[in-house]
Amino acid sequence: MFVKPEEQLKIIMKGVQEVVNEVELLAKLEKSYQLQTPLTIKLGLDPSAPDIHLGHAVVLRKIKQMQNLGHKVVIIIGDFTGRIGDPTGKAKGRIALSDKQVKANAKTYFEQIFKVLDSEKTTVRYNSEWLSKLTFEEVIKLAATTSVARILERDDFQKRYMDQVPIGIHEFFYPLMQAYDSVEIQADIELGGTDQTFNILMGRTLQKHWGLEKQIAIFMPLLEGLDGIEKMSKSLGNYIGVNEPAEVMFKKVMEVPDSLIIKYFELATDEHPDEIENIKHHLEKGANPRDIKLKLAKIVTNLYWGEEETKRAITYFETAFSKKEIPDDIPKILIEIGAETVEAIIPQLIEKEFVKSKSEFIRLVKQNGVQLNKEKINEDDLDCVLMNEDVLQIGKKRFIRFIK
């Protein structure tokens, strides 16, 4: 059923920033191997921001690797904790989500996370199943498992306390409730980003208090975005979304800075550590980074879109960016031929999310970033009348064909 513990450890440790602790992890893997019993892998999701990009998917990819090794995955949707709102990294308390918002966000989450995880091998639980049933006496006993001083060790709480920013007592319960989830499902391993360190380690504390074997805490690093500096973020525009079209995903991966190629292989793919070492060796020996990025782009796009869409994305990329030609398979917009100008169709471009606003479109025109039929246009060309089969190119990645 399982591969040998040492091999499992090698795969699990790929790209990991920190593990608490590796000796205990190997012991759990050995016991699991001997008994041929899967470990329970926990991931808690705060259903407040359902738009997932490759940075969010770093933890999901690691869980998928453990799923492939035969272990059991339990996703916990924090519908009950979501009513408090995770204060992690926040300068002030966060507005609690309504039950309707939580369920809507969770649905969107599922559509995206199951692009990574095997839905048939994943159990989804809502922590309201057990947290809503705790009596007040049980809540008091839960609070008694730690001290205010320990809670204030969290950087965000400490900073707010020093800055005299109000901290609600209910916020102290967030890490306790998330930790109690680990007790309820008897998690063997919990994963999260480095911003979840306090919450996940609290799970170990509560499991020990309840006389359970402590979970292993695995922390994954943050993935820098396409600028190579800041962490991947939609607000910064340096992201690769898991739901973006295959051709957009492929092109964006090709924009990954050379310095981050190996990190993307480690965190954004399921490639074996030995294969990544081989790729690293080729780069050190002078291999062309562009060739390696082509391999990376194929792997990443295939993970989310499959072989057929990836082949189409490669053809699109080679046509549009290598051969500098207009691809055949591009979005189309219906217009009244001979009656609409470039400026008149800007609202449609915004509606279909080719640009965010009219000001952004004008800015791109001023920067020579917009072409009509492969010819750059300027502000004087905005009153140009569009004809059938005209093609507008916005930036490097977006093409639109106008048809009657």
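From D188, D181, D227, grab the single residue that is within 19 Å of R150 (Cβ to Cβ) and either open to solvent by 10 Å² or more (accessible area, probe 1.4 Å) or not hydroxyl-bearing (S, T, Y) (or both).
Being within 19 Å of R150 (Cβ to Cβ) and either open to solvent by 10 Å² or more (accessible area, probe 1.4 Å) or not hydroxyl-bearing (S, T, Y) (or both) holds for just one of D188, D181, D227, which is D181.
Which numbered condition trips up S322, out of (1) farther than 22 Å from Q393 by Cβ; (2) of a type in the set (G, A, S); (3) at pLDDT below 90?
Status for S322: all satisfied but (1).
Within segment 191-202, which residues are in contact (Cβ under 8 Å) with a residue 60 or more places away in the chain, open to solvent by less than 10 Å² (accessible area, probe 1.4 Å) and either assigned to a helix (DSSP H, G or I) or under 17 Å from R154 (Cβ atoms) (or both)?
The answer is G192, N199.
Of E255, E247, E266, which residue is within 25 Å of E318 (Cβ to Cβ) and in a helix (DSSP H, G or I)?
On inspection, the qualifying residue turns out to be E247.
Between a first residue in segment 286-297 that is touching a residue at least 24 places away in the same chain (Cβ under 8 Å) and a second residue that is of a type in the set (F, W, Y) and surrounded by 14 or more Cβ atoms within 10 Å (Cβ to Cβ), which pairs have beta carbons less than 8 Å apart while being 6 or more apart in sequence or on different chains?
Partner pairs satisfying both residue conditions: L296/Y264; L296/F265; A297/F250; A297/F317.
Under 25 Å from the mean Cα position of the chain (by Cα), open to solvent by less than 80 Å² (accessible area, probe 1.4 Å) and either modelled with pLDDT of 85 or more or on the phi > 0 side of the Ramachandran plot (or both) - does that describe any residue in segment 86-93?
yes
Just to be sure I understand the filter: pairs with C-beta atoms under 6 Å, separated by 6 or more residues or on different chains, first member in segment 21-34 and among the hydroxyl-bearing types (S, T, Y), second member assigned to a helix (DSSP H, G or I) and buried (at least 18 other Cβ atoms within 10 Å of the Cβ). Which pairs pass?
From segment 21-34, the pairs are Y33/P5.
List, please: which pairs have Cβ atoms under 7 Å, are six or more places apart or on different chains, and start with a residue in segment 370-384 that is in contact (Cβ under 8 Å) with a residue 40 or more places away in the chain and end with one that is open to solvent by 70 Å² or more (accessible area, probe 1.4 Å) and not aromatic (F, W, Y)?
L382/E343; D383/E343
Going by what's in this entry, would S147 be described as touching a residue at least 24 places away in the same chain (Cβ under 8 Å) and either of a type in the set (A, V, I, L, M) or surrounded by fewer than 18 Cβ atoms within 10 Å (Cβ to Cβ) (or both)?
no
Name the helices (runs of 4 or more DSSP H) wholly within segment 1-75 that hold at least 3 residues that are surrounded by fewer than 17 Cβ atoms within 10 Å (Cβ to Cβ)?
5-13, 22-35
Counting just the residues of segment 31-67 that are of a type in the set (A, V, I, L, M) and within 11 Å of Y109 (Cα to Cα), which one comes out modelled with the lowest pLDDT?
A49
Each row is one residue, and each column tells you yes or no for (1) touching a Pro at 6+ places or on another chain (Cβ under 9 Å); (2) among the acidic types (D, E).
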{"residue": "E255", "(1), (2)": "no, yes"}
{"residue": "Y304", "(1), (2)": "no, no"}
{"residue": "T341", "(1), (2)": "no, no"}
{"residue": "K352", "(1), (2)": "yes, no"}
{"residue": "S359", "(1), (2)": "no, no"}
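Could you please find all residues in segment 102-119 being in contact with a Leu (Cβ under 7 Å, 6 or more places away or on another chain) and outside any helix (DSSP H, G or I)?
Hits for segment 102-119 are V116, L117.
The values are calculated or read from the model by the stated rules, or taken from the named source; none is laboratory data. Bear in mind the structure is a predicted one, so any value in this text is a computation, not a measurement. Because the Cβ atoms are built from the backbone with ideal geometry, glycine has one as well, and the counts that use them run over all protein chains shown. The accessibility values were calculated without ligands, DNA or RNA, using every heavy atom of the protein model including side chains. Shrake-Rupley method; radii C 1.70, N 1.55, O 1.52, S 1.80 Å.
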